[in-house]
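The values are calculated or read from the model by the stated rules, or taken from the named source; none is laboratory data. As the structure is a computational prediction, the values presented were derived from the model and not from experiment. With ideal geometry, Cβ positions are generated from the backbone for all residues, glycine too; neighbour counts draw on all protein chains shown.
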Amino acid sequence: MTRDRDPAGRPRNARPRDALGRPLDPDSEAGDALERVPDDLALPGAEAARLADQMLRAGRPFHAHEVLEASWKTGPPTERDLWQGLAQVAVGLTHAHRGNARGAAALLARGAQRVRAYQAQLPPGPDRDHPYGPDRDYPYGMDVAAILAVGDGLAARIERDGLADIPPADLLPGLLTPDR
């Protein structure tokens, strides 16, 4: 079987996937597959945050990861750590949903660390000239403190107790503040 490639020759994966990003058998029923995130997705930051938020809350962290990864690849270099960290948190959630405690804990923690790196490179103080306004904790309406709590908190709980006692609702976090 020949792998699907884009016009530049880079591999694409057009194979249908389930809600957790696992490839489905090519002979699977069409209704089992979820709509794929296009390989060339390029959304403004607020739209990407909204779409990823919806996917995370719906239990589709793999697909949220694809949206966040597209933003890291197409967004401004100053936002690379933000989007990459968010994508890693989404992959950590994917591993948790799939039952891989070790991968979940590692990627959740790594994602939180990268989001912190993004925050650290922002100019300090409430009067700085920054494209997200004076509050760096809510880029594109995302609640960075809540995202960090998910990454750090879940990673610590999973390392300490495993996945068995994690309530399913804890694996469905959102990115946006409740009023967004």
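The single condition among (1) crowded, with 23+ Cβ neighbours inside 10 Å; (2) touching a Gly at 6+ places or on another chain (Cβ under 7 Å) that A109 does not satisfy is (1). If the condition is being more than 12 Å from M142 (Cβ to Cβ) and surrounded by 10 or more Cβ atoms within 10 Å (Cβ to Cβ), then the range 166-180 contributes I166, D170, L171, L172. Among the residues of the range 87-103, those that are in contact (Cβ under 8 Å) with a residue 24 or more places away in the chain and within 23 Å of R50 (Cα to Cα) comprise A87, Q88, V89, A90, V91, G92, L93, T94, A96, H97. State which residue is surrounded by the most Cβ atoms within 10 Å (Cβ to Cβ) when the search covers only the range 140-155 and only residues that are out of contact with any helix residue (DSSP H, G or I) (no Cβ under 8 Å at 6 or more places or on another chain) and under 20 Å from H97 (Cβ atoms). Among them, the one singled out is A146. Screening D81, D53 for residues that are of a type in the set (D, E, K, R), at pLDDT 95 or above and under 27 Å from E159 (Cα atoms) leaves exactly one candidate, D53.
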